[in-house]
Amino acid sequence: MPLSIVMYHYVRDLARTRYPAIKGRDLAAFRGQLDYIARHHTVVAAERVVAALKGGEELPENAAWLTFDDGYSDHYATVFPLLHERGWQGSFFPLAATVLHGELLDVNRIHFILAAQPDPQPVLAAIRRFVEERQPHAGVRSFEDYWRDLAHPSRFDPAEVIFIKRVLQHALPEDVREELTRSLFQRFVSVDPAAFAAELYMTADQLRTLVRCGMYVGSHGARHCWLDRLDPSHQASELDASLDLLHTLGAPTKDWVMCYPYGAHNDTLVRLLKDRGCAVGLTTRVGVAQPELDDAFALPRLDTNDLPIQAGG
């Protein structure tokens, strides 16, 4: 039976927030999408999906699995009550460094730089100046080289936005891109990253509440890295930090679910996952999963934007 695994990130009343341009699902549209899912699908729990993938009972017709990445406070304040009142389980994938250490991750710095400055030109100009100043640094190429390699539009972003994301996510040497990302965040968003992080992410107590109320909490790594770009020892560190978080929360650590940041994974990572008792890996590859055919460690998902937001859609 096909399985629609729906992927969410920010879910908020966008017009009433400080950053209405953040790329997320608006609350009213989310409510409408839940109505659509209720009419056209049967929402299933993570444990039932894992059992089916391990050869257990077949999933119902038009099954849907609702997944929420990154552990945002939106998920506790907005998503959890709406799922709970319907009797549905959601699967939530927080990052260990945000919960255990209060870190503001660069992936979110990038999101809010772009949300605070919807016109990408001032950000591009700042990146150009920074790169030109750092070019003598080993491993830093010219702005034009990066632009040629990275400025290609995606399904949801124009070339300029994809360029900003990729430069700040992985293209520059790690120390250089961290310096640049922090500088841009301070300039365009906030000078207090600790306070920003405290507002942005769920706390350990909130996550424990989700677990106690029947929600599923799984792994998303520690710091939202491109895991396929790490050596095996760093991959293992990311997984072990995330498992420490799951232990702390009382979340499942047997036949658990891994949600890959950026969907990135490789054979080495999958071997490490299997060694640690993981049963399922979720990607960002677009598609409806076929549990009887798909690799359980490379399941595709649908973005929330791929589904209608009205019950009759």
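Keeping the other protein chains in place, figure out the carbon and sulfur percent of the accessible area of region 178-313, with a 1.4 Å probe.
Reported share for carbon and sulfur atoms: 49 percent.
Compute the distance from the alpha-carbon center of region 32-72 to that of region 252-298, in whole Å.
Using only Cα atoms to place each centre, the spacing works out to 16 Å.
Per-residue HN-Hα couplings for region 164-170, Karplus 6.51 cos²θ - 1.76 cosθ + 1.60 at θ = phi - 60°, whole Hz, x for Gly and Pro?
Values, residue by residue: 4, 4, 5, 4, 7, 7, 7 Hz.
When the C-alpha atoms of region 207-290 are aligned to their principal axes, what extent does each axis show, in angstrom, from largest down?
35, 32, 21
Classify region 259-300 as rounded, prolate or oblate from the Cα gyration tensor: take a ≥ b ≥ c as the square roots of its eigenvalues, call it rounded if a/c is under 1.5, otherwise prolate when a/b beats b/c and oblate if not.
Taking the square roots of the gyration eigenvalues as a ≥ b ≥ c, region 259-300 is oblate.
Restricting to Cα pairs below 8 Å that are 6+ residues apart, what does the relative contact order work out to for the chain? Please round to a whole percent.
25 percent
Kindly state, as a whole number, the per residue volume in cubic angstrom of the convex hull around the alpha carbon atoms of the chain.
132 Å³
To the nearest 0.05, what FRET efficiency results for Ala15 and Asp231 with a Förster distance of 25 Å applied to their C-beta separation?
Here the calculated transfer efficiency is 0.05.
Quick one: compute the contact order of region 204-313, relative version, from alpha carbon pairs under 8 angstrom and 6+ residues apart, as a percent.
Relative contact order here is 22 percent.
Among the lysines, which fall within straight-line cross-link reach of Lys274, defined as a Cα-Cα distance under 29 Å, with same-chain neighbours fewer than 8 residues apart omitted?
Lys54, Lys254
Counting GluC sites (Glu not before Pro) as exposed when in a DSSP loop with at most 15 other beta carbons within 10 Å, what is the longest stretch of the chain free of them?
62-291
Rolling a 1.4 Å sphere over the protein heavy atoms, what is the accessible area per residue of the chain, to the nearest Å²?
With all protein chains present, the chain gives 43 Å² per residue.
The values are calculated or read from the model by the stated rules, or taken from the named source; none is laboratory data. Fair warning: this is a prediction, and the values are worked out from it, not measured in the lab. Heads up, the Cβs are rebuilt from the backbone with ideal geometry, glycines too, and the neighbour counts pull from every protein chain shown. Each accessible area value is taken on the protein alone, full model and side chains, heavy atoms only, with ligands, DNA and RNA left out. Shrake-Rupley method; radii C 1.70, N 1.55, O 1.52, S 1.80 Å.
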